[in-house]
Amino acid sequence: MKIRDNFLWGGATAANQYEGAYLEDGKGLSIADVEMGARHGVPREIHSYVHEDCYYPSHEGVDFYHHYKEDIALFAKMGFKCFRMSINWPRIFPHGDEKTPNEKGLAFYDQVFDELLKYGIQPIVTISHYETPLYLVQKYGSWRNRKLIDFFEHYCDVIFRRYHHKVKYWLTFNEINETMNQKQPYHQAGIIYQDNENPADVKVLVSHNMMVASAKAVILAHRIDPTLKVGCMFQYPTTYPKTCHPNDILARRYHMMPNFYYGDVMCKGYYSNTCTAQLKRMGATLSMEEGDKDILKEGKVDFIAFSYYFSSIASSPDGKELIVERSNPYLQRNDWDWPIDPTGLRVALNELYDRYQLPLFVVENGLGAIDHIEEDGSIQDDYRIEYLASHIEALKKAIEEDDVDVIGYTCWGPIDIVSVGTGEMRKRYGFIYVDKDDEGKGTLKRYLKKSFYWYKKVIETNGQTKFD
């Protein structure tokens, strides 16, 4: 095999980190709009409403809402074949439970999609990327409540019918497996535990409701337009046993089980033995309503999208406790102490394809780093080029040597945006530098980094990474 001629090279963003205009043209509040980022050691804060004296990174992002033509022109200059973005759910339904959508919100995305298509760039759209309407959390308890399945399906019905002639690739939930992996799955599901709740039971209930909603979205998309392709999206945590001790081999399995829990349901269409074993490990009980099994079976995804940034190691010295670390002595680390492991991407591609035999799409992979503007105005980010080149080479080996079916690669993010984990701007990923700091100050002017020109050549050559 070789990289297909129509391979989808591009970049990926999320509306809550990029778009801004958080109340413009009728948009409602999302869960991101009341979250202060954890900057410079200050813990993340989640509020029940917007405090006028607080800085919320999502409110402006880097203002794609007013710069979309400029940014898309730069993506086109790089030669993008696709651009992954999200639709901000409360921009379409400000509260989330309305019958009638916000026309101004729909019109904005029409303009964005038309601009992308003008340059031959395919939109890859995430339907829910940490942008659950805040009202659904406050009134209904978020994804604890099965009513959100209906609200999500109605939202999908509106955007599929509106955009199916413009958007062919859709992703239902961003990094859905983090619902189980995070101690408090606020980003993924808008969940803050209540005092009387068992977190394990909440995670299982919320995850089931989201996966039923995803399956219903797949069924709906295929009914509206059989040419549409709908995928799931995971954060893939390539993990190695710390040693060859049998306990560590099992520890690696136990760490991966929560992730395969989602993959098995969404790709195979049922709760596998891996899923039931994970429920036992959690001490949780799953309760399904009549018809759910049939929905999950019919609503299997068409492809698998995933993010990959680093790998981990797992151990269990006593055979009971699971210890997961990022301290692999064989790997270098970035400014945020993340291991740099391109081979881990090849491992991820092989493991996912072996297990599910579905086309794969690497929709997030990138290096967060502190960039400096030189006196001549240039940004010499060779470290980013080195990181991305090594990962693209690993991707090519998975395709050419391991016969893994990969349809595209979108780096995170092609332009500097607000970090979802920390709320910072100094943690920069982009090929395009945006003049904005951690406090929200700056001109928002865009500058091209050295990596911009390098990635342009990668796309031109369909995957060559080394140039004179």
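The values are calculated or read from the model by the stated rules, or taken from the named source; none is laboratory data. As the structure is a prediction and not an experimental result, all values here were calculated from the model. Note that each Cβ is placed from the backbone with ideal geometry, even for glycine, and that neighbours are counted across all protein chains shown.
Data for the structure
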{"quantity": "Subset tally (residues that are in a helix (DSSP H, G or I), in contact with a helix residue (DSSP H, G or I) (Cβ under 8 Å, 6 or more places away or on another chain) and among the charged types (D, E, K, R)) for the range 204-226", "calculated": "1"}
{"quantity": "The range 443-468, subset out of contact with any helix residue (DSSP H, G or I) (no Cβ under 8 Å at 6 or more places or on another chain) and touching a residue at least 12 places away in the same chain (Cβ under 8 Å), residue farthest from Lys397 (Cα to Cα)", "calculated": "Tyr447"}
{"quantity": "Residue within the range 305-318 that is outside any strand (DSSP E or B) and at pLDDT below 95 present", "calculated": "yes"}
{"quantity": "Test: residue in the range 227-236 that is farther than 25 Å from Arg326 by Cα and either among the hydroxyl-bearing types (Ser, Thr, Tyr) or in a helix (DSSP H, G or I) (or both)", "calculated": "yes"}
{"quantity": "Any hit, the range 81-88, residues being touching a Lys or Arg at 6+ places or on another chain (Cβ under 9 Å), in contact (Cβ under 8 Å) with a residue 12 or more places away in the chain and either among the small types (Gly, Ala, Ser) or not in a loop (DSSP other than H, G, I, E, B) (or both)", "calculated": "no"}
{"quantity": "All positions within the range 104-144 that are of a type outside the set (Ser, Thr, Tyr), within 30 Å of Val202 (Cβ to Cβ) and in contact (Cβ under 8 Å) with a residue 12 or more places away in the chain", "calculated": "Val125, Ile127, His129, Glu131, Pro133, Leu134, Leu136, Val137, Gln138, Lys139, Trp143, Arg144"}
{"quantity": "Selection count, the range 100-120, where residues are in a loop (DSSP other than H, G, I, E, B) and either buried (at least 21 other Cβ atoms within 10 Å of the Cβ) or of a type in the set (S, T, N, Q) (or both)", "calculated": "2"}
{"quantity": "Search result, residues across the range 161-200 that are charged (D, E, K, R), within 23 Å of Phe260 (Cα to Cα) and surrounded by fewer than 17 Cβ atoms within 10 Å (Cβ to Cβ)", "calculated": "Lys183"}
{"quantity": "2 or more residues aromatic (Phe, Trp, Tyr): qualifying strands (runs of 3 or more DSSP E) within the range 363-468", "calculated": "406-412"}
{"quantity": "Total residues in the range 305-358, condition within 16 Å of Asp403 (Cα to Cα), surrounded by 13 or more Cβ atoms within 10 Å (Cβ to Cβ) and not polar (S, T, N, Q)", "calculated": "11"}
{"quantity": "Residue selected from the range 270-320 under the condition among the acidic types (Asp, Glu) and free of Cβ contacts under 8 Å to residues at least 12 places away in the same chain, by the criterion farthest from Val363 (Cα to Cα)", "calculated": "Glu290"}
{"quantity": "The range 320-358, residues that are basic (Lys, Arg), assigned to a loop (DSSP other than H, G, I, E, B) and within 22 Å of Leu388 (Cβ to Cβ)", "calculated": "Arg326"}
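To keep it simple, each residue is scored yes or no on (1) touching a Ser or Thr at 6+ places or on another chain (Cβ under 8 Å); (2) in a helix (DSSP H, G or I); (3) at pLDDT below 95; (4) under 20 Å from Glu290 (Cβ atoms).
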position: Asp150; (1), (2), (3), (4): no, yes, no, yes
position: Tyr155; (1), (2), (3), (4): no, yes, no, no
position: Val167; (1), (2), (3), (4): no, no, no, no
position: Ile192; (1), (2), (3), (4): no, no, yes, no
position: Val202; (1), (2), (3), (4): no, yes, no, no
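This table checks each residue for (1) within 21 Å of His164 (Cβ to Cβ); (2) under 21 Å from the mean Cα position of the chain (by Cα).
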{"site": "Phe75", "(1), (2)": "no, yes"}
{"site": "Trp89", "(1), (2)": "yes, yes"}
{"site": "Ile92", "(1), (2)": "yes, yes"}
{"site": "Thr100", "(1), (2)": "yes, no"}
{"site": "Trp143", "(1), (2)": "no, yes"}
{"site": "Lys147", "(1), (2)": "no, no"}
